[in-house]
1. Could you say which residue among Ala358, Ala384 is hydrophobic (A, V, I, L, M, F, W, C), in contact (Cβ under 8 Å) with a residue 12 or more places away in the chain and buried (at least 21 other Cβ atoms within 10 Å of the Cβ)?
2. Here is a list: Lys189, Lys277, Lys221. Which entry is open to solvent by 50 Å² or more (accessible area, probe 1.4 Å) and closer than 30 Å to Glu15 by Cα?
3. If I ask for residues that are touching a residue at least 24 places away in the same chain (Cβ under 8 Å) and either in a helix (DSSP H, G or I) or open to solvent by 80 Å² or more (accessible area, probe 1.4 Å) (or both), which ones from the range 146-161 would you list?
4. Looking at the range 187-204, can you tell me whether even one residue there is touching an Asp or Glu at 6+ places or on another chain (Cβ under 6 Å), among the hydrophobic types (A, V, I, L, M, F, W, C) and within 30 Å of Glu273 (Cβ to Cβ)?
5. With Thr163, Thr212 as the choices, which residue is in contact with a Gly (Cβ under 6 Å, 6 or more places away or on another chain), more than 16 Å from ligand 2 (Cβ to nearest atom) and of a type outside the set (A, V, I, L, M, F, W, C)?
6. Please verify whether the range 153-161 includes one or more residues that are small (Gly, Ala, Ser) and either in the same structural domain as Thr266 (by TED's automatic domain parsing) or at pLDDT below 95 (or both).
7. Select, from Glu273, Glu244, Glu251, the only residue that is over 18 Å from Val429 (Cβ atoms), at pLDDT 95 or above and either out of contact with any Phe, Trp or Tyr (no Cβ under 6 Å at 6 or more places or on another chain) or among the hydroxyl-bearing types (Ser, Thr, Tyr) (or both).
8. Show the residue pairs that are 6+ apart or on different chains and have beta-carbon atoms under 7 Å apart, the first residue being within the range 325-350 and in the same structural domain as Leu311 (by TED's automatic domain parsing) and closer than 26 Å to Trp419 by Cα, the second being in a strand (DSSP E or B) and open to solvent by 30 Å² or more (accessible area, probe 1.4 Å).
Amino acid sequence: MTETAQTPNPITTIEQAGAQAGGTVTIRGWLYNMRESGKLLFPIFRDGTGTMQGVVSLKEQPEVFAALKGLPQESSVVVTGSVRTEPRAPGGFELGVTGLEIIQRVPDSAPYPIQLKEHGVDFLLDRRHLWIRTPRQAAILRIRAEAQRAARNYMDAQGYTQTDAPIFTPAACEGTTTLFEVNYIDDQKAYLTQSGQLYVEALAAALGKVYTFGPTFRAEKSKTRRHLTEFWMLEPEAAYAHLEDMIQLAEGLVSSVVQSVAKNRTRELALIERDVKALEKIVPPFPRITYDDAIKVLQKAGHPAKWGDDLGGDEETIISKEFDRPVVIHRYPTAMKAFYMATDPARPELSLSFDMIAPEGYGEIIGGGERLADYDTLVERLRAHNLPEESFQWYLDLRRFGSVPHSGFGLGLERTVAWICGTEHIREVIPFPRMLYRVYP
Ligand code: 4AD
Ligand code: MG
């Protein structure tokens, strides 16, 4: 370890350093990059909250200069210096470095593998544990955290109690084709949860208004920019609530999340070059169309869709292009949706369901609706969907003992954050993406 200064100066973060302009601070982080220009060094430090350029001159700081010169990228350092306003520096401030302590020097023989040039995405995904250090990736993860915080705040403020659903489950929730089977103890079979919904329904009957926010799993064989095999879902569920209540809750939730990010993560949005104006428009009410009308929109756009067809990613993109805000599509054909969907009494071929489609081609961010409350119809549906009735006895109890109308939805966190960030693929908005053919690192 090289020590060139011991400092009693306040330890701060790069994010906070601007507030100390004119003063001397200590920052603990890493050397992100360095430009050397004769007798001057321009290191760029990062500490997780941002990056900051430093300046070291050989004449004024010979010891620091010697310690820093040639220091490999990503070596960990504690730096001390005076914070100066510098309009030309990224962030508006620079650090006149007066002290440097090297915590770990990356060996010259094995340099940091991620250079500042462009790398292929597979190269980066193989090194995701390091890739997350780059300013763009760190900014995205900070936006994700803000989205999670804002979502919880909104739900809490609406009187919903946060709760948790199990990860190991005895049966499917969203169809049997995307189930991950787990060899549970003593050769019992279990499945990783596809959605906490069935359990939040039980919790809604116990606590009234609830939500979960946790990981869910789907053995998705599709290799698209919208699919992960492990993703996070926020799932509200409310007793005595109907479809309309959930559409309004979803609008409020999504706009509140987007506005919180726009307000509290301006630096990060600027860093990733996201157009904030597009986000500022996201205020309720959102446009709504029925599934019937969605088919008409597609046909008008020259798409061969006909009533009864599922709306996949391509169809969603065509529809979302008509609007600058998320669009709610409601009342899908019952035959297209999961077994638990309530039917529209006015038109029994339709379900009391809705999806919310994000703008700019990001696709479905929310799916939900009203649940079947009637015991006999639910049993019929379980049979029609070939689901094992024994595994659903506990769920049927919810219809045996004080069944009430109730509704809920699931918001996919990564789809939502990918749209907010404007990333090309949702794999960038989760720390360690799990996808078809990728469970490393
Ligand atoms: O529409 P889905 O399948 O709905 C449900 O699971 C309901 N049981 C939720 C509920 O009512 N409580 O999934 C909900 C959302 C989708 O709109 C999408 O945003 C996200 O979860 N999602 C995925 N995100 C990433 N990768 C995948 N493979 C996803 N599958 C669904
Ligand atoms: Mg869906």
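1. Just a single option satisfies the conditions, and that option is Ala358.
2. On the way: Lys189 fails: closer than 30 Å to Glu15 by Cα; Lys221 fails: closer than 30 Å to Glu15 by Cα.
Answer to the check: Lys277.
3. Quick first cut of the range 146-161, residues touching a residue at least 24 places away in the same chain (Cβ under 8 Å) only: 146-155, 158-161.
Across the range 146-161, the qualifying residues are Glu146, Ala147, Gln148, Arg149, Ala150, Ala151, Arg152, Asn153, Tyr154, Met155.
4. Looking for residues that are touching an Asp or Glu at 6+ places or on another chain (Cβ under 6 Å), among the hydrophobic types (A, V, I, L, M, F, W, C) and within 30 Å of Glu273 (Cβ to Cβ), one finds none in the range 187-204, hence no.
5. Working: Thr163 fails: in contact with a Gly (Cβ under 6 Å, 6 or more places away or on another chain).
Of the residues listed, the single one that is in contact with a Gly (Cβ under 6 Å, 6 or more places away or on another chain), more than 16 Å from ligand 2 (Cβ to nearest atom) and of a type outside the set (A, V, I, L, M, F, W, C) is Thr212.
6. yes
7. Just one listed residue meets the conditions, Glu244.
8. Val328/Arg288; His330/Arg288; His330/Thr290; Arg331/Thr290
The values are calculated or read from the model by the stated rules, or taken from the named source; none is laboratory data. Not measured: the values here are computed from a predicted model. We place every Cβ from the backbone using ideal geometry, glycine too, and count neighbours over all the protein chains shown. The protein model used for the area step is the full one, side chains on, heavy atoms only, and it has no ligands, DNA or RNA in it. Shrake-Rupley method; radii C 1.70, N 1.55, O 1.52, S 1.80 Å.
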